[in-house]
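The structure appears right after this line, and notes come after that.
All of the numbers you see were taken from the coordinates with simple rules; none came from a lab. Predicted, not measured: the structure shown is a model, and the values here were computed from it. We place every Cβ from the backbone using ideal geometry, glycine too, and count neighbours over all the protein chains shown.
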């Protein structure tokens, strides 16, 4: 137990040190980028603030890389100091010596998913809101709740709030829809309800619509007009509406199940969010696989191992597994793979492959 604690403590120290180095690097690079974008319009303190808000997301994204580099550093240091030889002489196999680092990686993965993920979601969302506030002209907003789908479109001529009970999967057709237009800097100007609204070109094409003037009319119902079909100008596009869902990473993992239910109730496809949720749940398994990959290449006595090639091999395999995992997620989001398979098969396969490498090394 003492030996496991010793290896685990050393691995944790290396993980924190490498993570701090990457965090500093991310901060400096992103600070330069934010100064380029907002340096003339915003103060230096504001730029530093948004850079710090973006920092957790960047570090969280490269967590597998930090884990594998920490594991490589640990294994090389143990091999060079002959501590692995001593451990084996005491009757412990190399796989048993990895129990401490593997436990730490598993704990880091669980902590990251349960605690760090909501922090990353909150900071990245706040950073996106600040960017939109500094760099936007009103734009459009989308919200989904139990009462239906809400959209906002706007330009210099005013804003329009759109509510629909449901929609088709690509958000180009809205059902049981209402439009409320607002004059620039004023109150509501017009209300429209329709059975259906279809996004076509630069317009919403409304079917069986009825309009009420809300400004300058004593009795809006008396001035109401009905149309079999009418058009309402729009600056929204299908891709723009889809982008308004935001990245799944901007939603805390504890809120994702409810958000997915809201998407499905509104008629949208929630496949991308389901894949992301399952991928996050599989993250601890993938981090454990990264530790075993590093050990499979570098956990040899220093006199028997070509350190440079071992490090290169473990890093290249780690990157390969990382990109295979991302590729599987893309296939899952596109509907070419079942979401559970897309999220869980790559981490489990990586774990089994890495375990095979370690066992092969143990057999000599």
Given q = 0.19, 0.24 Å⁻¹, what are the Debye log10 I(q)/I(0) values for segment 8-106, with equal point scatterers placed on the Cα positions and solvent ignored? -0.88, -1.16
Measuring from the longest principal axis of the C-alpha atoms of the chain, the long axis of helix 283-298 (C-alpha) lies at a number of degrees, nearest 10, equal to 30
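So if R0 is 30 Å, what FRET efficiency would residue 86 and residue 21 give, r being the distance between their Cβ atoms, rounded to the nearest 0.05? Could you put the intermediate results ahead of the total?
On the way: r = 29 Å, r/R0 = 0.98.
The value I calculate is 0.55.
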So the angle from the long Cα axis of helix 307-333 to the longest Cα principal axis of the chain, reported in degrees to the nearest 10, equals 30
Can you give the angle from 0 to 90° between the axis of helix 2-38 and the longest principal axis of the chain, with both taken from C-alpha atoms, to the nearest 10? 40
Alpha carbon centroid spacing (whole Å) that separates segment 311-364 from segment 1-57: 26
Mind giving me the nanometre distance, one decimal, between the label points for residue 227 and residue 324, set 7 Å out from Cα along Cα→Cβ? 5.6
Simple label model, 7 Å out from Cα along Cβ direction - residue 3 to residue 61, nm: 4.1
Using all alpha carbons of segment 141-235, what is the percent of pairwise distances in each 10 Å bin, ordered from the shortest bin to the longest? 16, 49, 31, 3, 0
Subtract the Cα-Cα distance of residue 44 and residue 134 from 0.36 nm times their separation in residues, and report this length gain in nm to one decimal. 31.0 nm
Computed [θ] at 222 nm, deg cm²/dmol, the chain (DSSP H ≥ 4; -39,500 (n - 2.57); rounded to nearest 500): -19500 deg cm²/dmol
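Report the per residue volume, in Å³, of the convex hull enclosing the C-alpha atoms of the chain.
Working: hull volume 57.7 nm³, N = 364.
About 159 Å³ per residue, rounded to a whole number.
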Point-to-point label distance, residue 36-residue 360, nm (Cα→Cβ direction, 7 Å offset): 4.2
